[in-house]
Amino acid sequence: MNELDWKNLPFGYIKTDYNVRCYYRNGKWGEIEVSSEETINMHMAATCLHYGQEAFEGLKAYRCKDGKVRAFRIEENAARLQSTCRGILMPELPTEKFVEMVKKVVRLNERFIPPYESGATLYVRPLLIGTSAQVGVHPASEYLFIIFVTPVGPYFKGGFSTNPYVIIREHDRSAPLGTGIYKVGGNYAASLQANKKAHDLGYACEFYLDAKEKKYIDECGAANFFGIKDNTYVTPKSTSILPSITNKSLMQLAEDFGMKVERRKIAEEELETFEEAGACGTAAVISPIERIDDLELNKSYVISKDGKPGPVSTKLYNKLIGIQYGEEPDTHFGKDCLERDYFEISLIRLARKRGIPILSVCRGMQVTNVALGGTLCQDIPSADYSPKIQHGQWSTTSTPHHSISIDKGSQLYSILGAKAQVNSTHHQCVKQPAPGMRIVAKAPDDVPEAMEGDGILCVQFHPEAMIWKHPEMLGIYKWIVEKASRK
């Protein structure tokens with residue numbers, strides 16, 4: 001991690017710690033698995049390799065000013081993936097499982113989330129592939145859904161700045177009744193030649209017209225197009241364009257700003273009437289367009305006369321980015337705040353640094369005195385309890401918290417917080433720890449001493465409970481996070 005230059009990250013792949021996986025077999029989805037492997041063991045006759053049965057998504061997690069981590073409209077990505085699944089006959093992944101897996105993989109790789117104001121984000125890539133072996137052209141019977149993450153810099157090196165595009169007529173990215181409305185790899189493979197040609201000519205990206213008539217605007221590379229004129233947000237309506245979640249969000253914001261929104265066919269000639277224009281998508285959010293050149297017709301549509309992003313595009317960009325980073329009020333979209341598991345992540349990071357194998361990570365309802373005794377990850381389906389400090393005593397009823405199960409050969413440190421909590425109940429637990437583990441109770445001032453041993457800190461914790469508002473418990477929490485954050 002020391003070698004990462006957060007402000008100069010490329011938009012490329014950087015190895016992280018974990019990915020999450022889920023298999024579809026025998027007509028149903030299995031349990032979520034955590035893996036540190038970067039490769040997939042796959043049969044050479046898998047349908048994804050021969051007949052293109054694969055789909056993917058793209059979204060981001062943001063480190064925000066308040067220290068929290070947020071993701072934007074995860075459910076929309078789940079819905080779009082489900083639409084793709086219906087389009088190419090793959091089993092739909094339930095929204096709840098999709099969201100759970102996104103949150104889990106972000107939490108597991110928390111240390112790779114770029115700092116606030118670094119200009120970088122954590123890119124989240126869900127991928128669904130057909131894995132069963134067959135040579136006939138039929139849908140697979142088995143599938144693998146995997147999500148990996150990687151920190152990325154801006155998609156375009158200049159960030160939020162204008163870029164030149166070029167119309168490419170010799171290639172089509174997708175057909176009107178084909179797979180353009182789905183996020184499948186074949187669409188991107190079809191764009192590689194045009195994209196290379198545009199780059200070789202010195203342009204940021206290629207610009208597509210409709211495949212049928214070569215008359216109407218389709219897409220800006222792999223991004224949606226929008227134009228601004230007469231207080232109207234105009235974007236193409238086409239059966240070969242991928243529905244962009246970013247574009248959908250910008251349309252809503254444009255309406256909030258009192259603008260009219262139009263989704264319709266846009267003829268190429270109309271480009272010269274736009275006051276502003278841009279490409280929009282998850283990767284770049286908004287890439288303002290400087291000009292669009294039509295080399296075949298020897299014509300240049302100059303959108304930005306001064307070479308700078310226009311005021312409306314800037315306003316839309318700042319508003320959307322502000323919402324994604326939790327700095328602007330969000331009345332429409334809803335954000336998923338992922339900071340509740342920082343404590344869990346801190347424990348994972350400490351375990352990894354000390355080379356202690358993690359057997360499992362669980363969250364849910366557990367019995368306090370069982371956890372103190374060293375038996376972790378014993379789930380209890382339901383309980384309704386909010387722990388409190390009452391006369392310095394620790395309550396031993398069931399309580400919602402997270403915990404980590406580590407290698408039984410390692411020592412277990414369970415920090416209870418205030419000195420007053422070392423009561424008779426705790427002493428009983430200390431006298432009967434689990435085999436191979438021992439319990440150490442320390443007040444906040446003694447935490448560093450307790451952590452200098454060979455073991456790994458493992459505590460139960462209550463993110464929303466009153467006990468974590470107690471000054472001494474808060475001191476422990478802050479110390480652990482600081483300790484885990486050290487390079």
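The values are calculated or read from the model by the stated rules, or taken from the named source; none is laboratory data. Computed from a prediction, not measured in an experiment: that's the story for all the values here. In this analysis, Cβ positions are derived from the backbone assuming ideal geometry, glycine residues included, and neighbour counts consider all displayed protein chains. These area figures cover heavy atoms from the full protein model, side chains too; ligands, DNA and RNA do not enter into them. Shrake-Rupley method; radii C 1.70, N 1.55, O 1.52, S 1.80 Å.
Among the trypsin sites (Lys or Arg not before Pro) found in the range 50-144, those both in a DSSP coil and sparsely packed, with 13 or fewer other Cβ atoms within 10 Å of their Cβ, are Lys65.
Rounded to the nearest 5, what % of the DSSP beta bridges within the range 230-302 are antiparallel ones? Kindly include the intermediate steps, with their values, before the conclusion.
Numbers: 8 of 13 bridges.
Of all bridge pairs located within the range 230-302, approximately 60 percent are antiparallel.
So, with a 1.4 angstrom probe, what is the percent of accessible area on the range 124-214 that is carbon and sulfur? Mind showing how you got there, number by number?
On the way: 2280 of 3930 Å².
Ligands and nucleic acids excluded, carbon and sulfur give 58 percent.
Taking label points 7 Å from Cα along the Cα-to-Cβ direction, Leu295 and Leu49 give a separation of 3.7 nm. In this structure Trp29 has an accessible area near 40 Å², from a 1.4 Å probe over the protein heavy atoms. Applying 1/(1 + (r/R0)^6) with r as the Cβ-Cβ distance of Asn8 and Lys308 and R0 = 30 angstrom yields a FRET efficiency of 0.80. Simple spin-label estimate for Arg125 and Asp66 gives 3.2 nm between the two label positions (7 Å along the Cα-to-Cβ direction from each Cα).
Straightening the chain between Thr239 and Glu272 buys 9.5 nm, computed as 0.36 nm per residue apart minus the Cα-Cα spacing. Model label points for Lys28 and Asp330, set 7 angstrom from Cα along the Cα-to-Cβ axis, are 3.3 nm apart. Remark: the range 210-249 carries 35 Å² of accessible area per residue (probe radius 1.4 Å; ligands, DNA and RNA excluded).
For the range 97-162, what does the accessible surface come to per residue with a 1.4 Å probe? Please give it in Å². If you can, show how the numbers build up before the last one.
Working: 2340 Å² over 66 residues.
Spelled out: the 1.4 Å probe surface of the range 97-162, per residue, equals 36 Å².
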